[in-house]
Amino acid sequence: MTRDAGLIPSANRGSKSLNARKPRHPTKRALCSANIDFLRVTVPGTPVFGDAFEPEEMHHRAVQFAHTLAPGSGIAVEQDMKGGRRGYAHHFQLITPDGAACGDICWGGENQRGTVSIELTGAGCARVEANFDHDAAWSNVRLLLETVEAKITRVDIAHDDYKGERGLALARELYDAGEFVTQGRPPAANEQGWNDGSGRTLYIGKPTGRSQLVVYEKGREQGYRDGEEFAEWVRWEGRFYHRKGHTIPLDVLTSPAEYLVGKYPPLSWVSAVMSRIQTAVIRTKANLVSAMRHCKRQYGGLLNFLTQIADDAADLGDLVASQLTRPTVPAWLTDNPFGMAVAPDAHPLRIPA
């Protein structure tokens, strides 16, 4: 077999969605009421590595597979082979264009029956959609996984309520009313967090079961506090696990909202429109809030002095630009697939002091 021989059957390119025209601007991306926020699958080893066994050749095959799984995403595969993870003997780390970990490809081990485990974290799932709209991107992933006979072992589906109109209080109310009871027994519940505004989380169901609903104050987690925009942002996240006798259909990738509501009927109100780009704006604002607070604490005195000695605003701007900046941007901005595109919407002058 030659080095560039394709391992993935050509059927994975049969979807019309792969030819979808790229949006001209991220704000044109398709909107959805729920997003895939974590994905882990197992596949037979051959579609990923073929007959390769040397590290260099295996890395090449892994790169091919990653590019086919998420074309145009910028997801790369680190060159170095690393040790064991999740019961497998070896793994390659998946990284974003800026070098942040966003998943892995694991293989090897006596008990793994020649399978390969592929994981995409929230950052990886966001990158999947970087060059396509939501439907086209996940249609591509679904078709490829179907072609290679993959099995989903875990998938997280997230719905974001940016205004916090349905929060932990509602989740607790629904739980107490028995709305999450299945087969006559209520799932276990556990609430964690502090009452200091840093965020609370309600877990409904244990991670050892088939599914778990996690409701948490995402805005607080991102750094917003009382009185700030998006401080009340709440995420409802369904986490679904493959268990013996229970499989997760690949349809979940293209119909995440329907699957989430199907498993948790009390969430039938999951219809508020959300999108990756909206989440990117909010995350960028949160990071700016945190960075500017830190800057004020550490260098507020210096900046105040510079404002006093500068002749005018233009002079101050020139002074800061020439003496205090570097030709780069923060990692938290470049790690966000849409960070640079949404930066103007997170204008610093609109952020509370």
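Read the figures in this text as sums done on the coordinates, not as results from a lab. None of the values given here were measured: they were computed from a predicted structure. Note: ideal-geometry Cβ built from the backbone for every residue, glycine included; neighbour counts use all protein chains shown.
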Loop-located GluC sites (Glu not before Pro) in region 109-147, at most 12 other Cβ atoms within 10 Å (DSSP): Glu110
Taking Cα centroids, how far is region 149-208 from region 107-122 in Å? 28 Å
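How large is the convex hull of the C-alpha atoms of region 30-267 per residue, in Å³?
Numbers: hull volume 33.4 nm³, N = 238.
That works out to 140 Å³ per residue.
Past 18 Å, Cα to Cα, is the threshold; run Lys163/Lys285; Lys151/Lys244; Lys82/Lys244; Lys151/Lys218 against it and keep the listed order. Write out the running numbers ahead of the final one.
Numbers: Lys163/Lys285 15 Å; Lys151/Lys244 12 Å; Lys82/Lys244 29 Å; Lys151/Lys218 30 Å.
Beyond 18 Å between Cα atoms: Lys82/Lys244; Lys151/Lys218.
Using the Cα atoms of region 53-126 to build a convex hull, what is its mean projected area in square nanometres? Display every interim value, and only then the final one.
On the way: hull surface 19.0 nm².
That works out to 4.7 nm², a quarter of the Cα hull's surface.
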FRET efficiency for Glu173 and His294, Cβ-Cβ distance as r, R0 = 41 Å, nearest 0.05? 0.60
For Glu149, Glu78, what's the fewest-to-most ordering of other Cβ within 10 Å of each Cβ? Glu149, Glu78
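Could you give the Stokes-Einstein D for region 145-231 in µm² per second, using the C-alpha Kirkwood radius, 25 °C, 0.890 mPa s?
Values: Rh = 15.0 Å.
It diffuses with D of about 164 µm²/s by this estimate.
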Where Lys and Arg each count +1 and Asp and Glu each count -1, what net charge lies around Val214 among other residues with Cβ under 9 Å from its Cβ? 0
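If you take every residue apart from Arg239 with its C-beta less than 13 Å away from the C-beta of Arg239, what net charge results, scoring Lys and Arg +1 and Asp and Glu -1?
On the way: positive: Arg40, Arg154, Lys206, Arg210, Arg235, Arg243, Lys263; negative: Asp37, Asp156, Glu237.
Combined, the nearby Lys, Arg, Asp and Glu give +4.
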